[in-house]
Every structure is written in C-alpha cells, then in structure tokens.
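Structure record follows, encoded as structure tokens.
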Amino acid sequence: AAARRAKGEFVRGVSSARNWISTDPDSKYPPASGRYHLYVAYNCPWCHRVLLARSMMGLEDAITVDVLYPNRSNEDEPLGPNLWKFAPDGAQGRNGRYNKFPECTADSLFGKSYVNEIYELAGIDDQKSVPILFDKETETVVNNESAEIVRMFGTSMKQFAKRPQVDLYPADLAAEIDSLNDWIYKDVANGSYKAGFSSNQDVYEKAYETYFAALDRLNERLSKSKFLTGDSVTEADLRLFPTMYRHDPVYYNRFKLNYKHLWQYPHLWRWMSDMMSLDGMDPVSNAGYLAHCKQGYFGRTGNSTIPLGPTGYPECYKDPKWSPL
C-alpha cells in the first residue's frame, strides 16, 4: 500500500474491528435493542450507507447514534490534525467561516472530543475511522467496516425494525447482490476516490474512465428494472446511493469526475427519484445532509471555500424528469 501511495494512487485503509452481532448462542454480541451505538459523519459515504440501512429499516429506536463534525481536526488542536471530532457548537472552517450544523452531537456516551479516544477507550490504538458500531454493554467496538454493519442491520437486527418488510439481503438474490457490491465498490464507490484523491495523472485518468463506464453499465441495467435486482430495493441499491447522491453537487467538481452529470443518465436519474421516495429516506438525503457533504469535501482541500450551488439539489432528485436545461 505504501508503494502505491508513493506513486500517487489513493489506497483505502483497512478496518480492523470485524466482530458480528449474531444469534449464535456463544456470540459476544447478541441482537438487542438499545445496546448498540453508531458514531458517524454525514459527509462520509461509508457512514452514509450505514445510516441508510438504519433509517430505511426503521432501526432508529434500536440503535442510537452520535454525529461528528464534517471537517476533521486542524494542526493546532490538542490531539493533532486529521481526526474526526465532536463539535455540536460548531467550529471555525479553513475559509474563516464559523459553521454550526444542527445534526452534530456531542459524544453522548463518554463525553470525548475525538473519535480516536473512543477507540483507545475500547483498547484499539491504531484506528481513527468511522463508522463505528459500539457496544454500550461491554464498552467495546463491535465493527468499523461499513459493509458488514449494513449486513448486520439487514439480518441480525431485522427483528427490531419498524419496517421489517424491507429485505436488504434476500437469500435468493444473495449471489447477485454480492456480485453487484463487488464491482460497484471497486469501480464506483471507491473508484470515485481513486480519481478524486490521485496525484498521478495516469491513475486519475484510468479511474475516471472506469467510473463512467460503470455509470453506463448501471444506466443500462436500470433501463430494465426499477432497482438493481428487480422491483424491490436491496443492499446493492443502498450501497450505490451515497456516490450517486454526491456525484453532481460534489464529485463532478471536487473529484474532477466531470464527463457527465447524473441527470444525463435517464435511468439512473429515475432510480434516484425512486430511492428518494422510499420510507425513511428524508433524514439521510435532505438539504441538511448535503450541507454536511459540501462542507466535508470542499472545506478541507484547495482554498476551502464552500460552493453555494448547484441550484436545486438534492430536491431535484425526487423528480424523475428533472433537467437544468
């Protein structure tokens, strides 16, 4: 990984807490309502898919949550730079503007200031990423791999869902969902980061071409079905949504993924409107949510100014025929 980074390639870190909430009699982490807690940042796409699962299934009462500030710590802060932090009262941005987001919370469990302090409390010294699925009973980190947390919410925690009819991982579609998840992660979700954070022109161009080839592939697939695997939303749709939600207002400029806007893919755009209309979607896709994304991506790089536009987002996602032209 170090050699690849040295050549200008974006290489994602590896999650180290990989325990599971399970119905196994010997499980350290059995399914329970009110026992588990999430630490998330709205601007993080990996947190976004976890929050989508929680909200779409109606697990808000079963799984509590704290929300971090969308920008990480600066060099002059007590624990140093680049740490996710709690700032419910707001913080000074690099653009000189003081910003406060009503969704941001304090650490409701321990009153800590930074996410790495949560890890250290749980006996983990080498991690600082989110999301974190935390066990309040044992005061340990269950898992910090978003894909596995989504799977747990859709299976082990389903018994506590207000919308148990939402089946994110139906057995008869498991192989198809796994296949979709694999290439969507490589080409789209992580692929967008490979383009956006590369410092090597060749690496950027390859990621750019792969990303838009994947959007063509998705658009073609969605010309034949409402969702990626048929008439019902599954984990594959949920894991695609964060990148598509960010494409026009964030990634088009910030990640230099500027070949096309999402509205130029008619079937993907229609799919977005169907996703936006699902029960539980508003808190994890509204204008306030997008404000976190714009602050998080634009507020930490370049000149750190936050774009006012584009006009109409994210409300326009709800209109399957919307176009700025």
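Is it fair to say Q264 is crowded, with 16+ Cβ neighbours inside 10 Å and either polar (S, T, N, Q) or closer than 17 Å to V188 by Cβ (or both)?
Answer is no for this residue.
Is one or more of the residues making up the range 281-299 open to solvent by 10 Å² or more (accessible area, probe 1.4 Å), on the phi > 0 side of the Ramachandran plot and modelled with pLDDT of 95 or more?
no
Which one of these does T155 not meet: (1) more than 16 Å from H37 (Cβ to Cβ); (2) loosely packed, with under 15 Cβ neighbours inside 10 Å; (3) without any contact (Cβ under 8 Å) to a residue 24 or more places away in the chain?
The single condition T155 does not satisfy is (2).
From L79, L83, L109, grab the single residue that is in contact with a Phe, Trp or Tyr (Cβ under 6 Å, 6 or more places away or on another chain), in a loop (DSSP other than H, G, I, E, B) and either at pLDDT below 95 or open to solvent by 20 Å² or more (accessible area, probe 1.4 Å) (or both).
Of the residues listed, the single one that is in contact with a Phe, Trp or Tyr (Cβ under 6 Å, 6 or more places away or on another chain), in a loop (DSSP other than H, G, I, E, B) and either at pLDDT below 95 or open to solvent by 20 Å² or more (accessible area, probe 1.4 Å) (or both) is L79.
Out of the residues in the range 310-325 that are in a loop (DSSP other than H, G, I, E, B) and touching a residue at least 24 places away in the same chain (Cβ under 8 Å), state the one that is surrounded by the most Cβ atoms within 10 Å (Cβ to Cβ).
P314
State which residue pairs qualify: first residue touching a residue at least 12 places away in the same chain (Cβ under 8 Å) and of a type outside the set (S, T, N, Q) and inside the range 163-176, second residue in a loop (DSSP other than H, G, I, E, B) and open to solvent by less than 50 Å² (accessible area, probe 1.4 Å) in any location, beta carbons under 6 Å apart, and separation of 6 or more residues or different chains.
Close Cβ pairs (under 6 Å, with a partner that is in a loop (DSSP other than H, G, I, E, B) and open to solvent by less than 50 Å² (accessible area, probe 1.4 Å)) amount to R163/G58; L168/T234; L173/T229; E176/T229.
How about the range 113-142: which of its residues are over 21 Å from Y69 (Cα atoms), touching a Ser or Thr at 6+ places or on another chain (Cβ under 9 Å) and open to solvent by less than 30 Å² (accessible area, probe 1.4 Å)?
Selection gives A122 alone.
Say we look at the range 92-106 and pick out the residues that are of a type in the set (G, A, S) and modelled with pLDDT under 95; which of these is farthest from V50 (Cα to Cα)?
Of everything passing the filter in the range 92-106, G96 is farthest from V50 (Cα to Cα).
Where residues in the range 94-104 are in contact (Cβ under 8 Å) with a residue 40 or more places away in the chain and touching a strand residue (DSSP E or B) at 6+ places or on another chain (Cβ under 7 Å), which of them is most open to solvent (accessible area, probe 1.4 Å)?
This residue is E103.
Considering each of D187, D167 in turn, give the residue that is surrounded by 19 or more Cβ atoms within 10 Å (Cβ to Cβ) and of a type in the set (D, E, K, R).
Within the list D187, D167, the selection yields D187.
Considering the range 30-68 alone, what residues qualify as being open to solvent by 10 Å² or more (accessible area, probe 1.4 Å) and of a type in the set (S, T, Y)?
Of everything in the range 30-68, those that are open to solvent by 10 Å² or more (accessible area, probe 1.4 Å) and of a type in the set (S, T, Y) turn out to be S33, Y42, T64.
The values are calculated or read from the model by the stated rules, or taken from the named source; none is laboratory data. Keep in mind that what you see is a predicted model, and the values were worked out from it rather than measured. Here Cβ is always computed from backbone atoms with ideal geometry, including for glycine, and neighbour counts include all displayed protein chains. Note: areas computed on protein heavy atoms with side chains; ligands, DNA, RNA excluded. Shrake-Rupley method; radii C 1.70, N 1.55, O 1.52, S 1.80 Å.
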